Amino acid sequence: MSSPIPKQNLPWWLYLKMLPSPKNLRNHPDLILEAVEQALVRARDLESLHAFVTLLDERAHRQTAAVRDGLRRGEPLPLAGWLLAVKDNIAIQDVRLTCASKILENFTSRFTATAVERLEAAGAIVIGKTNLDEFAMGSSSENTIFGAVRNPVAPDRVAGGSSGGSAVAVAADIVHGSLGSDTGGSVRLPASFCGVCGLKPTYGRVSRYGLVAYGSSLDQIGAFAHTSQGLFDLLRVMAGRDARDSSSAHEPPPDSRNQFSAIKHSLRIGIPEEYYAHGLSADVETAVRSMISKLERHGHSIVSVSLPHTKYAIPVYYILATAEASSHLARFDGARYGFRSEQATELTDVYELTRGEGFGLEVQRRIMMGTFVLSAGYFDAYYRKAQQVRRRLLEDFSRAFSKVDVLLTPTSPTTTFRLGEKLDDPLTMYLSDVLTVPANLAGIPALSVPIGNDSQGLPIGLQIIGPHFAETMILQLGTEVEGLRDGVSS
Ligand code: GLN
């Protein structure tokens with residue numbers, strides 16, 4: 001039987017009613033309430049994508065009224081008109097904070113993350129919490145008690161992880177922007193798979209207060225939006241020192257007085273040869289190289305550079321991230337937070353059974369690996385060695401940035417894969433992050449911008465990596481890339 005819906009090349013959701021832009025809503029504050037309601041309806045209509053785990057109807061309505069009143073009183077509220085979604089490992093007071101884990105399924109946070117607090121104070125409205133890989137461990141958003149997140153561009157494929165729900169909330173036009181966390185690529189990979197922009201800021205640029213720790217020397221809150229300009233608008237509100245996170249940087253947020261404009265001078269763009277190695281899909285490579293040629297024709301100079309320690313990034317990352325995770329996750333023991341096994345009769349049972357029943361398999365695997373690399377006898381061979389190699393990776397980047405302003409690479413070697421395809425093969429799954437983890441290990445900012453589709457119509461992301469605190473520059477270059485992609489740049 002033929003389908004009553006005519007076949008078309010564009011994704012089906014593009015044919016549904018579009019969300020008005022933040023600017024339009026800001027100029028017509030009376031439409032904000034309608035937009036919020038529409039977003040909540042749309043989130044429910046698209047429930048099958050498993051993007052949201054909690055919708056905040058009442059809270060969003062209260063915030064809408066506050067924003068409207070604020071605008072009437074003439075408050076500046078630079079983010080009035082923005083509708084947002086927040087990854088469910090970032091705390092909001094009196095809202096469930098699950099990390100997509102059984103162990104926190106019924107846990108409610110008593111405070112709000114600084115990043116969310118700042119966005120809301122600037123007029124943004126959060127409509128819900130989004131699905132993720134349990135405790136942000138994964139690359140596909142399939143390790144979750146709420147059902148695997150589906151990619152709106154191709155619903156039989158993964159959205160990427162671990163911030164899959166947040167990427168989908170933007171890609172499916174439910175909200176204008178969203179927050180994710182990026183420890184090894186969890187913002188950039190789903191951004192690339194879903195065809196939206198995603199930024200991992202410099203380590204410490206955005207306060208981690210209220211972000212559930214995975215690997216705290218690598219974790220950073222990041223954001224998704226349709227454009228680099230949108231990411232800049234969110235970043236300048238979120239960034240800046242927070243006394244509640246001692247690792248947050250003193251660097252002031254990107255200057256809001258300066259108009260965010262196109263780059264006026266030509267940049268030296270580095271192409272790290274190690275990122276164009278085997279395993280890179282031909283379509284991805286072609287798209288990235290063609291964008292590089294366009295940038296060259298646009299006056300930027302292209303320089304080949306080498307980051308020789310890149311091949312160690314994945315092993316180093318999976319040693320350090322799991323070591324830190326095994327220590328952070330020790331607090332979930334059935335005593336203070338969330339779930340406690342009902343089978344337990346003695347204290348050691350409480351720990352063992354609670355953790356055995358409460359954590360999913362991938363999280364358990366990470367805890368075991370982390371405990372192993374930290375254990376006496378293996379500490380020097382793995383953990384200490386990994387710290388030393390991390391230093392080398394940082395030096396690679398410092399050397400490269402003495403020659404070039406930014407680095408351009410694919411965000412991921414391939415486009416999105418099928419649901420279930422890599423679930424039974426953790427090593428292959430870990431390799432999805434091969435091009436994203438180096439920036440986390442070095443603590444430097446990196447952006448993923450969609451630059452086109454492969455032969456199957458699946459989105460391809462370009463990664464722009466910059467030196468510490470160079471977010472403005474990489475986002476400006478991101479804007480230029482968007483113009484060249486859309487053919488609107490002069
Ligand atoms: N996929 C990587 C991991 O599983 C990165 C996750 C992340 O950035 N949170 O560790």
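Assorted remarks:
- Span from the segment 328-376 Cα centroid across to the segment 209-241 one, whole angstrom: 29
- Euclidean distance between Cα centres, segment 180-196 to segment 47-92, Å: 22
- Extending 7 Å from Cα along the Cβ direction at residue 156 and again at residue 456 yields two label points whose distance is 0.9 nm.
- Cross-link pairs exceeding 29 Å between alpha carbons, from the set 102/311; 200/294; 87/385; 23/87; 294/422; 23/102: 102/311; 87/385; 294/422; 23/102.
- Shape analysis of segment 383-449 places it in the oblate category; the axes a ≥ b ≥ c from the Cα gyration tensor give an a/c of at least 1.5, with a/b not above b/c.
- The chain, dipole about Cα centre (Lys/Arg Cβ +1, Asp/Glu Cβ -1), debye to the nearest 20: 980
- Cα shape, segment 107-183, gyration tensor, a/c 1.5 rule: oblate
- Both the radius of gyration and Dmax for segment 357-469 are 17.4, 51 Å, in that order, over alpha-carbon atoms.
- Longest to shortest principal axis, alpha-carbon extents of segment 153-280, angstrom: 43, 40, 33
- Amide H contacts of residue 223 (H built 1.01 Å from N, in plane; Pro and chain starts excluded): 180, 199 sit under 5 Å, all sequence-distant by 5 or more or on other chains.
- Cα-projected label distance for residue 387 with residue 75, points at 7 Å along beta-carbon direction, nm: 4.5
- Ranking of 120, 251 by count of other Cβ atoms within 10 Å, fewest first: 251, 120
- Taking 219, 88, 30 and counting other C-beta atoms within 10 Å, the order from fewest to most: 30, 219, 88
- Segment residue 347-residue 403, extension gain: residue separation times 0.36 nm, minus the distance between their alpha carbons: 14.4 nm
- Of the residues 301, 364, 291, the one whose Cα sits farthest toward the positive end of the charge dipole of segment 289-418, with +1 on the Cβ of Lys and Arg and -1 on the Cβ of Asp and Glu, is 301.
- Rg(Cα) / (2.2 N^0.38 Å) computed for the chain, rounded to two decimals: 0.93
- Quotient of Cα Rg and 2.2 N^0.38 Å for segment 85-240, N being how many residues it contains: 0.91
- Helical content of the chain, expressed as a calculated mean residue ellipticity at 222 nm, amounts to -11000 deg cm²/dmol (DSSP H runs of 4 or more residues, -39,500 (n - 2.57) each, divided by residue number, nearest 500).
- Formal net charge of residues neighbouring residue 450 (Cβ-Cβ distance under 13 Å; K, R +1; D, E -1): -1
- Fully extended contour minus Cα-Cα distance, from residue 331 to residue 108, at 0.36 nm per residue: 78.7 nm
- Residue-span extension gain [residue 255 to residue 303] - 0.36 nm each, minus C-alpha spacing: 14.4 nm
- Packing here is the average count of other Cβ atoms within 10 Å per residue, and on that basis the peptides 325-337, 454-466, highest first, run 454-466, 325-337.
- Residues whose amide H comes within less than 5 Å of that of residue 108, counting only those at least five positions distant or on another chain, are 97 (H built at 1.01 Å from N in the peptide plane).
- Tensor-based shape of segment 262-421 (alpha-carbon gyration tensor, a/c under 1.5 rounded, otherwise prolate or oblate): prolate
- Where only C-alpha atoms are counted, convex hull volume of segment 316-402 per residue in Å³: 105
- Relative packing of 134-140, 46-52, which averages over residues the other C-beta atoms within 10 Å, highest first: 134-140, 46-52
- 3J(HN,Hα) along segment 230-246, derived from phi through the Karplus expression 6.51 cos²θ - 1.76 cosθ + 1.60 where θ = phi - 60°, amounts to x, 5, 4, 4, 6, 4, 5, 7, 7, 6, x, 3, 9, 4, 7, 10, 5 Hz, with x in place of Gly and Pro.
- Label point distance in nm, residue 48-residue 273, each placed 7 Å from Cα along Cα→Cβ: 4.9
Where a number appears in this text, it was derived from the coordinates with a stated rule and is not lab data. Quantities reported herein were computed from a predicted structural model and do not represent experimental measurements. Every residue, glycine as well, gets a Cβ built from its backbone with ideal geometry; the counts of neighbours run over all protein chains shown.
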